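Engineer: Here's a structure for you.
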Amino acid sequence: MTDNAIPPATFAPTTTRADSQHADGTLIDRWGRHISYIRLSVTDRCDFRCQYCMPMKMKFLPKREILSLEECLRVARVFAELGVTKVRITGGEPLVRTNVEWLCAQIAKLQGVREVAITTNGSQLPRLACKLRSAGIRRINISLDTLDANNFRRLTRTGSLSVVLEGIEAARAAGFVGGVKINVVMMRGVNHLELPQLATFAIERGMDISFIEEMPLGDIGHSRGDTYYSADEALTDLRRIFTLSASDFDSGGPARYWKVDGTEQKIGFITPHSHNFCASCNRVRVTATGGLYPCLGQNDMVDLRPALRGESSDDVLRHKILQTMAIKPKGHEFDVYADGAKVVRFMSATGG
Ligand code: SAM
Ligand code: SF4
């Protein structure tokens, strides 16, 4: 390992277990990992078409297939009863879903839920930041991959940098301040030269920032191997302008953090390719149609929608969730250099 290298995660799945609940009733998967975090997608729709996420001509699902907000709330409640403490609302673009702030407020009130967070492209924050704050959201991740207006347009295809910057300011003005984190997907030849500038932007405004290695989810028209930019390369770039020290801060997500000396800020890296983090996975994802995916990078899924739409009791839902613990894979098998994506779902379809 070089001086610059990100320390490897301890990967020590224990024994396989047949049971899917810990003695205290909380969820445990067959590798002994505790599952305390769900990412709940409220829509597959989006007002952007980011190059790394979806094709320009994206086909969205018929609305009748999408869970109602009440169905989403029921999913969150049953997970909370099984010991889930953190819920991240995502999509697609979650803030294009009408009345999403109602759902956030209801989930924030659920017994056992300690944190409701949201991941957004920021385009609707000028309108919604205050409402989300009032709904009990305390942490917002905002995607921002470039500070160059033309590049932003090229990368998102339909987005406007000035609106997103306005959204970031609206979130800070609404009182989120330290609760805003910037997310950047790194792409060689697209934004890799801008990473130090993006970090400076975040740090100057008192925000943390995470850099994400691009994942091969769905075929989006470019070879992921051509655009792959590793966290180690980014770390070398960033160390030219910042003094960074490894931090053991744990946000409850997959990022590993470095503290920026002389500031309160942290720089995180989400490294599915260069430093596998599956050993410490604590989460599952529910799609906007009620598909429960135990792993972003695999195709295994249990469909919760029939139980949500029928007359089924919560017991049936609980049973399906427990079944999913028993099939949660050990980890993803992403290969950015493979021909075609092994996982054909776009990131927006699963919920990022
Ligand atoms: N629309 C919101 C946004 O962009 O923040 C939330 C949904 S988006 C799918 C969630 C996160 O996934 C964003 O940070 C986005 O940049 C990231 N993302 C999307 N496609 C990705 C990919 N193929 N590899 C890595 N990250 C990806
Ligand atoms: Fe939309 Fe987010 Fe995907 Fe971009 S990354 S297309 S904003 S869902």
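Engineer: Where the only charges are on Cβ atoms (+1 Lys, Arg; -1 Asp, Glu), what is the dipole of the chain about its Cα centre, to the nearest 20 debye?
Structural biologist: 840
Engineer: Using amide H atoms built 1.01 Å from N in the peptide plane, name the residues 5+ places from Thr26, or on other chains, whose amide H lies under 5 Å from its own.
Structural biologist: So Thr26 has HN proximity to no qualifying residue.
Engineer: Tell me, what HN-Hα J-couplings in whole Hz come from the Karplus equation 6.51 cos²θ - 1.76 cosθ + 1.60 at θ = phi - 60° for each residue of the range 266-271, using x for Gly and Pro?
Structural biologist: The phi angles translate into 10, 10, x, 10, 10, 10 Hz.
Engineer: Mind checking which of Cys53, Met187, Val316 is farthest towards the positive end of the range 25-350's charge dipole, using Cβ charges of +1 (Lys, Arg) and -1 (Asp, Glu) about the Cα centre?
Structural biologist: The residue sitting most towards the positive pole is Val316.
Engineer: For Arg153 and Asp339, what does the FRET efficiency come to when R0 = 30 Å and r is the distance between their Cβ atoms, rounded to the nearest 0.05?
Structural biologist: In this case the efficiency is close to 0.50.
Engineer: Give me the net charge for the shell around Met56: Cβ to Cβ below 11 angstrom, other residues only, Lys and Arg +1, Asp and Glu -1.
Structural biologist: Details: positive: Arg49, Lys57, Arg157; negative: none.
Within the 11 Å Cβ shell, the charges total +3.
Engineer: Mind ranking 220-226, 160-166 by how tightly packed they are, going by the mean number of other C-beta atoms within 10 angstrom, highest first?
Structural biologist: 160-166, 220-226
Engineer: Now for a separate question. Quick one: pull the percent of accessible area on the chain belonging to carbon and sulfur, 1.4 Å probe, ligands and nucleic acids left out.
Structural biologist: Details: 7410 of 14670 Å².
Percent of accessible area from carbon and sulfur atoms in the chain: 51.
Engineer: Right, something else. I'd like the distance separating the alpha-carbon centroids of the range 220-260 and the range 77-125, in whole Å.
Structural biologist: Using only Cα atoms, the two centres lie 26 Å from each other.
Engineer: Using modelled backbone amide H atoms (1.01 Å from N, in-plane), which distant-in-sequence or interchain residues come within less than 5 Å of Arg139's amide H?
Structural biologist: So Arg139 has HN proximity to Ile118.
Engineer: Another one. Mind ordering 300-306, 64-70 by average Cβ neighbours within 10 Å, highest first?
Structural biologist: 300-306, 64-70
Engineer: Putting +1 on Lys and Arg Cβ atoms and -1 on Asp and Glu Cβ atoms, find which of Phe269, Gly221, Asn99 reaches farthest to the positive end of the dipole of the range 25-350.
Structural biologist: Result: Asn99.
Engineer: Separate question: Take Thr350, Thr158 and sort them by solvent-accessible surface of the protein heavy atoms, 1.4 Å probe, largest at the top.
Structural biologist: Thr158, Thr350
Engineer: Here is a further query. For each pair in Lys59/Lys259; Lys259/Lys320; Lys131/Lys328; Lys320/Lys342; Lys181/Lys328; Lys63/Lys330, compute the distance between the two Cα atoms and list the pairs where it is over 30 Å.
Structural biologist: From the list (Lys59/Lys259; Lys259/Lys320; Lys131/Lys328; Lys320/Lys342; Lys181/Lys328; Lys63/Lys330), the Cα-Cα distance tops 30 Å for Lys59/Lys259; Lys259/Lys320; Lys131/Lys328; Lys63/Lys330.
The values are calculated or read from the model by the stated rules, or taken from the named source; none is laboratory data. From a predicted model like this one, the values you see are computed outputs, not experimental measurements. All Cβ positions, glycine included, derive from the backbone under ideal geometry; neighbour counts span all protein chains shown. What goes into the accessible areas is simple: the full protein's heavy atoms, side chains included, and nothing from ligands, DNA or RNA. Shrake-Rupley method; radii C 1.70, N 1.55, O 1.52, S 1.80 Å.
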